[in-house]
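Notes follow once the structure below has been shown.
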Amino acid sequence: MNRKNQLVGLAGACLLSCRPAGVPVEEKERPNILFILSDDHTSQAWGIYGGRLSPYVKNENIRRLAREGCVLENCFCTNSISVPSRAAILTGAYSHKNGVYTLHDALPPETDNLAKRLQAAGYQTALFGKWHLKKRPAGFDTFRVFHDQGTYWNPVMKQASNWIDDHQGVQGDTLNGFSTDIVTDLAIDRIRNRDKNKPFLICCHFKATHEPWEFPERMKHLYDDSTEFPEPENLMEFGREPSGRTFDGQVLEALAKRWETASQENAQWWTTYPELPFSIQGLDRNAARKKTYRKLLRDYLRCGAAIDDNIGRLLHTLDREGLSRNTVVIYVSDQGYFLGEHGFFDKRMMYEESLRMPFVIRYPEEIPAGTRNRDILLNIDFAALLADYAGASVPALSQGRSFRANLHGQTPDDWRQDMYYRYWTQHPARPAHIGIRNRDCKLIFLYGDRLHTTGSDSITHTPSWEFYDLKNDPHENKNRYHDPAYAPVIRQMKQRLLQLRASLGDTDNDAPRMKEIMSRYYFENGELRMEN
């Protein structure tokens, strides 16, 4: 029997007719797809997932999407860093299968992807904004994308006529204005000037809310220096000892140092930041961390407000063009982000704030309005879902699965009950790691070695374990790996982690060093190593 209780909320109040799952869509009814992707726009800052920041977030249009569609409660990325996450979204495959492991890797144009499949199925395809996969986009009839990360102001944008790969230098046209507005302008122009005889896939990819969190002048009024944001309960977690975590992480003090460096006259830094100068000189460590946290939140939420503003412009365009009912609209971030939790900023680690991908989808023809889905869904599933809607085949490398039926509350009986994660980049403060998460618990093995990856540090991290009881400790305040009470579940999860690695083909056959690490720290005399 299907688990209809997976979909909860206001389905009964849906005023729009909803097509039953599994009913084929006729050619003329194939939906348009507007895929809106942001960078690092974490669930804590969306305002539709609850939490301490909900009253402070400008989110009228995100709330509109949630009210008219479905919010995913347990959507996760499989490698929490931008380039690999974007490759996973396009190919439907984990990093070890699509070959994009770190920020330094590229997606070759010959790789099969979702856009190619929809293009072959008769869709007009377009991409605007942040690409970040370095080589020329493939499968798009038209594209205009940033060089590398792009800039917030007056970005250089490349298209087919002036394309060079990122490593070859900066080339393109400079478009004047704020990048989030510019990307939206391009997407709106494509919607208005579409071929009305064909459905479309338009990918609208914002740079926001990536560091340095710049914002347009119209958002400056939202917060001022006196705004006191609620603090996460573990903001003052200095060092590993309070929680028993086994790595140092990217702490807020590193961000404060960046701001102070960029504040210096004639500073040579990789970017600019809004509202400098900044200084924590003369402050004790608590006051310094609090001041850094407040500036991060002011900049970040203003930057996010511009996203919401432009989502509203896109939705208004669909309304005016008469496309709202038959367009699948998705808004999702490529991963999460720490906003002071554990004293951190940035992402990468398999903690909840970084792992979660906030996701909302609206499709009035099928999806009941005002609903929330609690199934475990992954970024490798997105390509399969959109191919399903489009009546197209999935990319050749796809390891994901369409969750179209799940969005009706008709979750298949064999749907996944846990997920596999791997972050490949090795830095001493943020070690490479693998992990497993189910509904109640999380187990992380920090193997701490660069193996074959690009952009990694040669300094290793002594392999370590972390285990969290998410049901009783949702903010991961206590590593319970050495607690004897959890030994049975840890053993089960270690076994299951091995099963997932094998089933997904992440074997490390080309990495003898990983085999050495596993034989010493995962096993002991051929048996699972248990240290409880």
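Read through the list (1) touching a residue at least 60 places away in the same chain (Cβ under 8 Å); (2) over 30 Å from Ala392 (Cα atoms); (3) open to solvent by 40 Å² or more (accessible area, probe 1.4 Å), then give the number of the only condition that Asp195 fails.
The single condition Asp195 does not satisfy is (2).
Please find, among Leu186, Leu235, the residue that is closer than 30 Å to Phe445 by Cβ, open to solvent by less than 40 Å² (accessible area, probe 1.4 Å) and in contact with a Gly (Cβ under 9 Å, 6 or more places away or on another chain). If you could, list the steps in order and put the result at the bottom.
Details: Leu186 fails: closer than 30 Å to Phe445 by Cβ.
Being closer than 30 Å to Phe445 by Cβ, open to solvent by less than 40 Å² (accessible area, probe 1.4 Å) and in contact with a Gly (Cβ under 9 Å, 6 or more places away or on another chain) holds for just one of Leu186, Leu235, which is Leu235.
Among the residues of region 288-302, is any under 26 Å from Ile81 (Cβ atoms) and free of Cβ contacts under 8 Å to residues at least 40 places away in the same chain? Give the derivation first.
Step one: filter region 288-302 for residues under 26 Å from Ile81 (Cβ atoms), giving 289, 292-293, 295-302.
Add one more test, that the residue is free of Cβ contacts under 8 Å to residues at least 40 places away in the same chain, and what stays is 295.
Yes, there is a match, as at least one residue in region 288-302 is under 26 Å from Ile81 (Cβ atoms) and free of Cβ contacts under 8 Å to residues at least 40 places away in the same chain.
Regarding region 310-329, can at least one residue be identified that is within 30 Å of Ile444 (Cβ to Cβ), crowded, with 20+ Cβ neighbours inside 10 Å, touching a Leu at 6+ places or on another chain (Cβ under 8 Å) and not aromatic (Phe, Trp, Tyr)? Even if it seems obvious, please write down each step before you answer.
So the first thing to find is which residues in region 310-329 are within 30 Å of Ile444 (Cβ to Cβ), and the list is none.
Checked region 310-329: no residue is within 30 Å of Ile444 (Cβ to Cβ), crowded, with 20+ Cβ neighbours inside 10 Å, touching a Leu at 6+ places or on another chain (Cβ under 8 Å) and not aromatic (Phe, Trp, Tyr).
Considering only residues of region 390-414 that are closer than 20 Å to Arg372 by Cα and open to solvent by less than 10 Å² (accessible area, probe 1.4 Å), which is modelled with the lowest pLDDT?
Gly409
When residues of region 175-189 are filtered for being more than 25 Å from the chain's Cα centre (by Cα) and assigned to a helix (DSSP H, G or I), how many remain?
Taking region 175-189 and keeping what is more than 25 Å from the chain's Cα centre (by Cα), we get 175-177, 189.
Going one step further and asking which of them are assigned to a helix (DSSP H, G or I), we end up with 189.
Residues that pass the stated criteria total 1.
Filtering region 144-154 down to residues that are surrounded by 19 or more Cβ atoms within 10 Å (Cβ to Cβ) and closer than 13 Å to Glu214 by Cα, which residue is farthest from the chain's Cα centre (by Cα)?
Tyr152
Kindly indicate whether Ala208 is part of a helix (DSSP H, G or I), under 30 Å from Thr425 (Cβ atoms) and among the small types (Gly, Ala, Ser).
Values: part of a helix (DSSP H, G or I): no; under 30 Å from Thr425 (Cβ atoms): yes; among the small types (Gly, Ala, Ser): yes.
When the stated conditions are applied, Ala208 does not pass them.
Kindly establish whether Tyr468 is of a type outside the set (D, E, K, R), in contact with a Leu (Cβ under 9 Å, 6 or more places away or on another chain), at pLDDT 95 or above and in a loop (DSSP other than H, G, I, E, B). First the steps, then the outcome.
On the way: of a type outside the set (D, E, K, R): yes; in contact with a Leu (Cβ under 9 Å, 6 or more places away or on another chain): yes; at pLDDT 95 or above: yes; in a loop (DSSP other than H, G, I, E, B): no.
Here the answer is no, as Tyr468 does not meet what is asked.
Considering only residues that are of a type in the set (D, E, K, R) and surrounded by 11 or more Cβ atoms within 10 Å (Cβ to Cβ), which ones fall in region 264-284?
Let us first name the residues in region 264-284 that are of a type in the set (D, E, K, R), namely 265, 275, 284.
Correct list: Glu275 only.
Could you list, in sequence order, all residues of region 521-532 that are out of contact with any helix residue (DSSP H, G or I) (no Cβ under 8 Å at 6 or more places or on another chain) and at pLDDT 95 or above?
Step one: filter region 521-532 for residues out of contact with any helix residue (DSSP H, G or I) (no Cβ under 8 Å at 6 or more places or on another chain), giving 521, 523-527, 531.
Hit for region 521-532 is Tyr521, nothing else.
Looking only at region 47-64, how many residues end up being within 19 Å of Gly370 (Cβ to Cβ) and outside any loop (DSSP other than H, G, I, E, B)?
Result for region 47-64: 6.
How many residues does region 243-263 hold that are surrounded by fewer than 15 Cβ atoms within 10 Å (Cβ to Cβ) and either of a type in the set (Val, Ile, Thr) or in a loop (DSSP other than H, G, I, E, B) (or both)?
The number of residues fulfilling the criteria is 1.
Hey, among Lys220, Lys295, which residue is open to solvent by 50 Å² or more (accessible area, probe 1.4 Å) and not in a loop (DSSP other than H, G, I, E, B)? Quick ask: steps written out before the conclusion?
On the way: Lys295 fails: open to solvent by 50 Å² or more (accessible area, probe 1.4 Å).
After ruling out the rest, the residue left standing is Lys220.
Could you give every pair whose Cβ atoms fall below 7 Å, whose first residue belongs to region 214-231 and is farther than 11 Å from Asp299 by Cα, and whose second residue is modelled with pLDDT of 95 or more and not in a loop (DSSP other than H, G, I, E, B), counting only separations of at least 6 or pairs across chains?
From residues that are farther than 11 Å from Asp299 by Cα, the pairs are Thr227/Arg298; Phe229/Tyr56; Phe229/Arg294; Phe229/Leu297; Glu231/Tyr293.
Sort out which residues of region 151-171 are more than 20 Å from Pro108 (Cα to Cα) and of a type in the set (Gly, Ala, Ser), and write them in order of number. Don't jump to the end; show me each part of the working.
Quick first cut of region 151-171, residues more than 20 Å from Pro108 (Cα to Cα) only: 151-156.
Within region 151-171, no residue meets the criteria.
Name the single residue, out of those in region 365-383 being open to solvent by 10 Å² or more (accessible area, probe 1.4 Å) and not basic (Lys, Arg), that is nearest to Trp46 (Cα to Cα). It would help to see each step written out before you state the result.
Our first condition is that a residue be open to solvent by 10 Å² or more (accessible area, probe 1.4 Å); within region 365-383, this holds for 365, 368-370, 372, 374.
Subset that is not basic (Lys, Arg): 365, 368-370.
Values: Glu365: 25, Pro368: 21, Ala369: 18, Gly370: 16 Å.
The selected residue is Gly370.
Would you please list the contacts, defined by Cβ atoms under 7 Å and residues six or more apart or on different chains, that run from a residue in region 378-394 that is under 18 Å from Asn32 (Cβ atoms) to a residue that is of a type in the set (D, E, K, R) and in a helix (DSSP H, G or I)?
Filtered contacts from region 378-394: Ala387/Arg117; Ala392/Arg117.
Does region 436-443 contain any residue that is open to solvent by 20 Å² or more (accessible area, probe 1.4 Å), touching a strand residue (DSSP E or B) at 6+ places or on another chain (Cβ under 6 Å) and either among the basic types (Lys, Arg) or within 17 Å of Ile490 (Cα to Cα) (or both)?
Step one: list which residues in region 436-443 are open to solvent by 20 Å² or more (accessible area, probe 1.4 Å), which gives 438-440.
Those left that are additionally touching a strand residue (DSSP E or B) at 6+ places or on another chain (Cβ under 6 Å): 438.
Of the ones still in play, those that are also either among the basic types (Lys, Arg) or within 17 Å of Ile490 (Cα to Cα) (or both) are 438.
The answer is yes, given that some residue of region 436-443 is open to solvent by 20 Å² or more (accessible area, probe 1.4 Å), touching a strand residue (DSSP E or B) at 6+ places or on another chain (Cβ under 6 Å) and either among the basic types (Lys, Arg) or within 17 Å of Ile490 (Cα to Cα) (or both).
Name the single residue, out of those in region 32-77 being among the basic types (Lys, Arg) and farther than 25 Å from Phe128 by Cβ, that is most open to solvent (accessible area, probe 1.4 Å). Break it down stepwise before answering.
Step one: list which residues in region 32-77 are among the basic types (Lys, Arg), which gives 52, 58, 63-64, 67.
Filter once more, keeping what is farther than 25 Å from Phe128 by Cβ: 52, 67.
Working: Arg52: 58, Arg67: 135 Å².
By that ranking, first place goes to Arg67.
Restricting to region 487-518, count the residues that are modelled with pLDDT of 95 or more and farther than 24 Å from Arg416 by Cβ.
8
The values are calculated or read from the model by the stated rules, or taken from the named source; none is laboratory data. In this text, all values refer to a predicted model and were calculated from it rather than measured experimentally. Virtual Cβ from ideal backbone geometry, glycine too; neighbours counted across all protein chains shown. Remember, those area values only see protein heavy atoms, side chains included, never the ligands or the DNA or RNA. Shrake-Rupley method; radii C 1.70, N 1.55, O 1.52, S 1.80 Å.
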